[in-house]
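Visitor: Got a structure for you, questions after.
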Amino acid sequence: MRRNPFDDLEELFDRLSNQFEDTMAGESGLTVPGTIGVDVADTGDEYVVTADLPGYDTDDVDLRLVDGALRLEASRSGSETYEDGDYIRRERTQRSINRRIRIPEPVEEDGVEATYNNGILTVTLPKLSGGEGGGHEIDIS
């Protein structure tokens, strides 16, 4: 089977992006603007991805497993307005963030679970001993 040349390019961009984010974050814990800070743990039987998403509702988050990667996108609008005055300061504006996390091994798509509690998204991805599947949307509870 012939390898898709775009896979190599995509892998290169993933590595560069990760190196850039690691350099920016360093020991300070800062994240690159427009991205989501995540932790990825390998427990042996599964991967556990934890992401900080304060201020987002589950309806604001789109979580998908596509081509061996977990794609996480979240957006919210700064639509709150005050009728009795003007803003003196407004920093909580509309913001969209996204992150693509490459999963090292195939996972059981039907066994993927996601929970969201107090602004923290936790995604559990059980490992699969076999081939890869197609894209799969993940419900967040």
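Any read-out appearing in this document is the output of simple, stated calculations on the displayed coordinates, not a laboratory observation. Source: prediction; values computed, not measured. With ideal geometry, Cβ positions are generated from the backbone for all residues, glycine too; neighbour counts draw on all protein chains shown.
Visitor: Summing +1 for each Lys or Arg and -1 for each Asp or Glu, what net charge is found among the other residues whose Cβ lies under 12 Å from the Cβ of ILE120?
Guide: -2
Visitor: What is the extension gain from SER141 to TYR87, computed as 0.36 nm multiplied by their sequence separation minus the C-alpha to C-alpha distance, in nm to one decimal?
Guide: Fully extending the segment from SER141 to TYR87 adds 16.0 nm.
Visitor: OK, next. Find out how many positive minus negative residues lie around ASP42, taking Lys and Arg as positive, Asp and Glu as negative, among other residues whose Cβ is under 12 Å from that of ASP42.
Guide: For residues surrounding ASP42, the net value is -3.
Visitor: For the stretch 61-69, in order, what is each residue's ³J(HN,Hα) by Karplus, 6.51 cos²θ - 1.76 cosθ + 1.60 with θ = phi - 60°, in whole Hz (x at glycine and Pro)?
Guide: 10, 10, 10, 9, 9, 9, 6, x, 9
Visitor: Can you give the net charge of the other residues whose Cβ lies under 10 Å from the Cβ of ALA51, counting K and R as +1 and D and E as -1? Let's see the in-between values first.
Guide: On the way: positive: ARG99; negative: ASP39, ASP52.
Once all neighbours under 10 Å are counted, the net charge is -1.
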